[in-house]
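Below is one structure; the comments refer to it alone.
The values are calculated or read from the model by the stated rules, or taken from the named source; none is laboratory data. Treat the numbers as computed from the prediction; the structure is a model and nothing was measured. Cβ: placed from backbone, ideal geometry, glycine included. Neighbour counts: every protein chain shown.
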2 protein chains.
Amino acid sequence: MSVSIQNLVVEKARAAKEASKILAYLSTVVKNRALNRIAAQIQEREEEILEANSRDVEAAKARGLSPAMIDRLLLDHFRIKLMADGVREVVALPDPVGEVISMWKRPNGLIIGKMRVPIGVIGFIYEARPNATLDAAVLSLKAGNAVILRGGSEAFHSNLILTRIIDQAACQEGIPPGAVQFIDITDHQAVREMLKLNDYIDLIIPRGGEGLIRTVLEEARVPVIFHYKGNCHIYVDRDADLAMAENIAFNAKVQRPAVCNAMETLLVNEEIASQFLPRMIARFQEAGVEIRGCEKTLNLVPGIKEATTEDWEKEYLALILAVKVVKDLDEAIQHINRYTSGLSEAIITNSYSAAQRFLQEVDSAVVYVNASTRLTDGNQFGLGAEIGISTQKLHARGPMGLVELTTYKYIVYGSGQVRE
Amino acid sequence: MSVSIQNLVVEKARAAKEASKILAYLSTVVKNRALNRIAAQIQEREEEILEANSRDVEAAKARGLSPAMIDRLLLDHFRIKLMADGVREVVALPDPVGEVISMWKRPNGLIIGKMRVPIGVIGFIYEARPNATLDAAVLSLKAGNAVILRGGSEAFHSNLILTRIIDQAACQEGIPPGAVQFIDITDHQAVREMLKLNDYIDLIIPRGGEGLIRTVLEEARVPVIFHYKGNCHIYVDRDADLAMAENIAFNAKVQRPAVCNAMETLLVNEEIASQFLPRMIARFQEAGVEIRGCEKTLNLVPGIKEATTEDWEKEYLALILAVKVVKDLDEAIQHINRYTSGLSEAIITNSYSAAQRFLQEVDSAVVYVNASTRLTDGNQFGLGAEIGISTQKLHARGPMGLVELTTYKYIVYGSGQVRE
């Protein structure tokens, strides 16, 4: 059994590697044609998709999954149209492959250029909704990469039909067979096998809960780019426009609390705390947000729960917020750099020097002045679709788009140069 | 014993992490002053260095190391001056930290920039000469990183005094204490401990033999950038200038055969093989190069050894060369992509289309037209000093200079923007 899982995964990875060699040199015209056909086929074959999806949804109900989980799983006419539209948006994005990032001439006449090229084979391991299948496949193809998809078992039938449609549509337009692989084995052993295949897979991007990420990190021999979690902070400075601060903080916590770029801790300068916090906290409480405050916060707003160290470390992903009053910018930066997961932080201030210091000294993937951490997103940044967000420091940091699915090679034009 | 090694390594790594937080925001002026003082002190304290070095050299002789190994270890007045000059060259290089690579405005007014910042703590594990100690420390500091050095035991005393001088000189000019760490434990357990410390070390660069690299890859929890070996190819096309081809191929094999960018296999188009090979091989043989040829090569030049599959895979690092006659460009590219280690390959041709296809389709870090693979080097490329060469595809590929020792963060200037 285990040997046969290994063989199956290796075979798929080997086929992806072979396909990637052809895919790397396909013109943008061919890749865009394939993407357009994928979009069209997703809509034309809607009934097949809905039928497969309903099997996943029935199974999820039978297993007693939460209504929120079932909603994430569910596809309908409108969501399928959105998926197809998303593919067409990727068609409209510039192709990063072949771009010469820089080129220079050496004293000996050698002309040296750095050219973007595909990475090769990307492995995606994810727990999310079925639309992640389409996003990952389409972004990988556009950047000239083959892709191996391993989705969550709860979306198995939806993912299976989606990858079949993608594969068929792509091959009809000249994408080499094997470029889109779906691991149709729900056994966890299949993931473990993927993680070892550094001869065939060039990069693995896991998306999901901390458990999944930890397993991947423990066992991967293939390079991995990921983020664990988003423990995001907003610091309201002494010199903040308090109305703006209230608006941004409210948005960052409440607009969509279950995502990684939502705020988890609000830091407030002590000089404006008594003016700002009672009103802000009342507004949060009206919206159903539970507050956990430091001692000073409790003094200003009695009756709320006291925060512990655990609260500074926690990613709630829910309508809960930790609040801390700090002495100054230094204490705010120190607190953030100690507890952050390195995703996104914001300062609200009109002080030029405080803004500049915050941007410099906070060591996170995205650092904001006077804007909501919820804006950390490939679309919001103008990168087009997003394949994930990295809190790693190597290769890609922050929202990852098409460019982050490429590497570069040096191309060198000579006229007989040798090493002296 | 093992626990105490662990504690010692963790303590050094923790100190480096602390130092890195201050180092990240030091001005170029301060960093350059520190580098200049390091250069001056290396020369002023030459006697201490030579004394320590002579202990390493004596021990190496007693252990019966080869004269070549001993020569690599040996320092003298001239080599120390070269080392100091190398440091001053790094002073002259632009500081990559703080450079805003790109910046754009979104429709909602958000201004988004990508700014280069230091990676944090770099771990170097190396077997090479003592000057690698200085290169690694100085490049890391200039790029705003703390560094943990773990050199080969044969250079222990030399490395110890060098790192002491670097540390003292740097601290005198405002580099935070702890920024330059030397692992003064020769037990291999110390390397294993380093590899686990992903809380403190952000990147490990191993430089050395395949054995070292494999150990690092097996055990590392910290991201690693490396190259195993350099199995470099030169393909002499049908349309080559044969005099240029001979000159480049000779340079690539003979100028310094023991390094990773030397040529290991020469591929020759069958249409010009009878014209090119006998003369080329005679020249190689005169220079003491042992040839291992394919059947067609043997037919053209009788009396040479026949190549086996092993020869196509081998990095000789010596005056040995594999030679293969190929039918056409396709076979050449296929052979290269199958056997290469991904470091450097060259085509010699006057055909525009052959040159363009070779640049596109050969999947290596550096691809040349009409130049020697020996040019793959940070200095030759104009990157200044070189910290290593990567055959990885993520983060850095090919020669790595100061820029490759940085990452980026997004800095976002808002005016109250929230997520709609």
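Being within 20 Å of B:LEU203 (Cα to Cα) and surrounded by fewer than 17 Cβ atoms within 10 Å (Cβ to Cβ) narrows it down to one of B:GLN181, B:GLN168, B:GLN189, B:GLN172, so name that one.
Exactly one residue qualifies, and that residue is B:GLN189.
Quick one: which of A:VAL90, A:VAL97, A:VAL117, A:VAL147 is of a type in the set (A, V, I, L, M, F, W, C), at negative phi, assigned to a loop (DSSP other than H, G, I, E, B) and crowded, with 17+ Cβ neighbours inside 10 Å? Let's see the steps before the verdict.
Working: A:VAL90 fails: assigned to a loop (DSSP other than H, G, I, E, B); A:VAL117 fails: assigned to a loop (DSSP other than H, G, I, E, B); A:VAL147 fails: assigned to a loop (DSSP other than H, G, I, E, B).
Exactly one of A:VAL90, A:VAL97, A:VAL117, A:VAL147 is of a type in the set (A, V, I, L, M, F, W, C), at negative phi, assigned to a loop (DSSP other than H, G, I, E, B) and crowded, with 17+ Cβ neighbours inside 10 Å, namely A:VAL97.
Would you confirm whether any residue within region B:255-262 is within 30 Å of B:LEU197 (Cα to Cα) and surrounded by fewer than 17 Cβ atoms within 10 Å (Cβ to Cβ)?
The answer is no; no qualifying residue exists.
So B:GLU420 clears everything in (1) more than 7 Å from chain A (Cβ to nearest Cβ); (2) at pLDDT 95 or above; (3) over 30 Å from B:ILE213 (Cβ atoms) except one condition, right? Which one?
Against the list (1) more than 7 Å from chain A (Cβ to nearest Cβ); (2) at pLDDT 95 or above; (3) over 30 Å from B:ILE213 (Cβ atoms), B:GLU420 comes up short only on (2).
Those residues that are among the small types (Gly, Ala, Ser) and in a loop (DSSP other than H, G, I, E, B), I need them from region B:67-82; list them, please.
none
Here is a list: B:GLU271, B:GLU306, B:GLU290. Which entry is surrounded by fewer than 21 Cβ atoms within 10 Å (Cβ to Cβ) and out of contact with any Leu (no Cβ under 9 Å at 6 or more places or on another chain)?
Going through B:GLU271, B:GLU306, B:GLU290 in turn, just one is surrounded by fewer than 21 Cβ atoms within 10 Å (Cβ to Cβ) and out of contact with any Leu (no Cβ under 9 Å at 6 or more places or on another chain): B:GLU271.
When region A:58-78 is examined, which residues are found to be buried (at least 16 other Cβ atoms within 10 Å of the Cβ) and charged (D, E, K, R)?
A:ARG72, the sole residue that qualifies.
Just need a number here: residues in region A:335-366 that are surrounded by fewer than 24 Cβ atoms within 10 Å (Cβ to Cβ) and within 10 Å of another protein chain (Cβ to nearest Cβ).
The number of residues fulfilling the criteria is 8.
Examine region A:330-346 for a residue that is in contact (Cβ under 8 Å) with a residue 12 or more places away in the chain, among the acidic types (Asp, Glu) and in a strand (DSSP E or B), and state whether such a residue exists.
Yes, there is a match, as at least one residue in region A:330-346 is in contact (Cβ under 8 Å) with a residue 12 or more places away in the chain, among the acidic types (Asp, Glu) and in a strand (DSSP E or B).
When the residues of region B:232-254 are filtered to those that are at the interface with another protein chain (Cβ under 10 Å from one of its Cβ atoms) and within 21 Å of the chain's Cα centre (by Cα), which remaining residue is surrounded by the most Cβ atoms within 10 Å (Cβ to Cβ)? Break it down into steps so the answer makes sense when it comes.
Start the filter on region B:232-254 by keeping residues that are at the interface with another protein chain (Cβ under 10 Å from one of its Cβ atoms), which leaves B:241, B:243-245, B:247-252.
Filter once more, so that each one left must be within 21 Å of the chain's Cα centre (by Cα): B:251-252.
Values: B:ASN251: 23, B:ALA252: 29.
Top of the filtered list is B:ALA252.
Within the set of pairs 6 or more residues apart or between chains, which connect a residue that is over 17 Å from A:ALA249 (Cα atoms) and within 10 Å of another protein chain (Cβ to nearest Cβ) inside region A:369-386 to a residue that is hydrophobic (A, V, I, L, M, F, W, C) and in a helix (DSSP H, G or I) with Cβ atoms less than 9 Å apart?
Listed pairs, sorted by first residue: A:PHE381/A:LEU375; A:LEU383/A:VAL403.
For region B:191-222, name all the residues that are in a loop (DSSP other than H, G, I, E, B), in contact with an Asp or Glu (Cβ under 8 Å, 6 or more places away or on another chain) and within 14 Å of chain A (Cβ to nearest Cβ).
B:VAL222
Among A:ASP85, A:ASP135, which is the only one that is part of a helix (DSSP H, G or I) and surrounded by fewer than 15 Cβ atoms within 10 Å (Cβ to Cβ)?
A:ASP85
Report, by residue number, each residue of region A:349-381 that is among the polar types (S, T, N, Q) and either more than 16 Å from B:PRO118 (Cα to Cα) or touching a Cys at 6+ places or on another chain (Cβ under 9 Å) (or both).
Matches in region A:349-381: A:THR349, A:ASN350, A:SER351, A:SER353, A:GLN356, A:SER364, A:ASN370, A:SER372, A:THR373, A:THR376, A:ASN379, A:GLN380.
Would you be able to say whether some residue in region B:395-415 is within 18 Å of the chain's Cα centre (by Cα), without any contact (Cβ under 8 Å) to a residue 12 or more places away in the chain, closer than 20 Å to A:MET400 by Cβ and facing another protein chain (nearest Cβ under 7 Å)?
Among the residues of region B:395-415, not one is within 18 Å of the chain's Cα centre (by Cα), without any contact (Cβ under 8 Å) to a residue 12 or more places away in the chain, closer than 20 Å to A:MET400 by Cβ and facing another protein chain (nearest Cβ under 7 Å), which makes the answer no.
Kindly check whether there is at least one residue in region A:223-231 that is more than 10 Å from chain B (Cβ to nearest Cβ) and charged (D, E, K, R).
Narrowing region A:223-231 to residues more than 10 Å from chain B (Cβ to nearest Cβ): A:226-231.
Applying the additional criterion that residues be charged (D, E, K, R) yields A:229.
Taking every residue of region A:223-231 in turn, at least one turns out to be more than 10 Å from chain B (Cβ to nearest Cβ) and charged (D, E, K, R).
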